[in-house]
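Just so it is clear, none of the values below were taken in a lab; they were calculated from the coordinates. On a predicted model such as this, the values are computed, not experimentally measured, just so you know. Here the Cβ is made from the backbone with ideal geometry for all residues, glycine too, and neighbour counts use every protein chain on show.
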Amino acid sequence: MRRCIVLGKPNAGKTLFVLHFAEFLHAKEVTIKFQEPVAAPRKGTGVDPEARTGSAACSLDPVSGSDPGAHGRNPGAGFGPSTSEHFKTYKIQDAVRDLTGPRPHTTRCLQSVVLELPAGKGKKTVELIDTSGLTDGIHQDAEIRRAMSQTLSSVRAAHIILHIIDASKAGKKGAVEAMGDVDYQVAAFAQMRGGYCILANKIDLPGARDGVKKIRDEFPGHIVIPISALYKEGFKEVKAFVLREL
Ligand SMILES: Nc1nc2c(ncn2[C@@H]2O[C@H](COP(=O)(O)OP(=O)(O)OP(=O)(O)O)[C@@H](O)[C@H]2O)c(=O)[nH]1
Ligand SMILES: [Mg+2]
């Protein structure tokens, strides 16, 4: 199945987008696959090596990346660190209540849903993957570093990348959601492989229209779709983009 990954900084609105996009496609419920990263103990010490070294610093450098899928859309590439999987079915509004929130790093693992998109007389299916937010630099919390590492590993195996940027905070220095190095890295990585667009989110909020302009100025040559994950604005355009890429 084709995979479409949703990524971006914490609090950008990734989870709300995934859940409301499912609702937009007429899902009343979603069955979410949670893939929790499992810490790999260092032999004989019981210590997670990544937690000690901070090796999950955010990097999507396509040149230094050692993943075999790093240079293209390789559906066979692995999903990174070992994971423990479980499924849970929610009514959409219950999932919104339980899985989204204003605190950064609400999502700590890959959370995917399988969606059906109408295509001509038939349907196309896609696995839409919500991820843990990416931050600039090395995060001090080992659990968050592991989650970010899992996000980065899964990017390379995805066919489509939806990169969410909070347009209402795009130019606000110091805000956790403000555009940062990680956004430039994602865009630079995506430029080499296609199947990529930027969703400029929260356009219902004050200042977001200026934010959309700033995003367009900073990322010339990329498709930028203004959306409100809250009010499902711009979702028709997102659906058309995803269908084109499937
Ligand atoms: N006004 C408005 N609020 C939004 C929009 N999208 C998301 N939010 C709010 O922003 C906050 C973060 O949304 P989430 O979907 O949890 O963000 P996330 O990117 O998944 O965050 P992490 O899991 O922490 O990385 C929540 O309080 C949402 O209700 C939007 O389009 N408009
Ligand atoms: Mg989330």
- Query: Straight-line reach from LYS213: which aspartates and glutamates have Cα under 20 Å away, leaving out those fewer than 8 places along the same chain?
  - Reply: ASP166, GLU177, ASP181, ASP183, ASP204, GLU233, GLU237
- Could you state the orientation-averaged shadow area of the convex hull built on the Cα atoms of region 191-231, in nm² to one decimal? 3.0 nm²
- Here, GLN140 and LYS214, labelled 7 Å along Cα→Cβ, have an inter-label distance in nm of 2.6 nm
- Given region 138-228 reduced to its alpha-carbon atoms as identical point scatterers, what log10 I(q)/I(0) does the Debye formula return at q = 0.13, 0.16, 0.19, 0.20 Å⁻¹? -0.46, -0.68, -0.92, -1.00
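Take every DSSP beta bridge with both residues inside region 113-246 and express the antiparallel ones as a percent of the total, to the nearest 5. Don't skip to the end; give the middle numbers.
Numbers: 8 of 17 bridges.
Among the beta bridges of region 113-246, antiparallel pairing accounts for roughly 45 percent.
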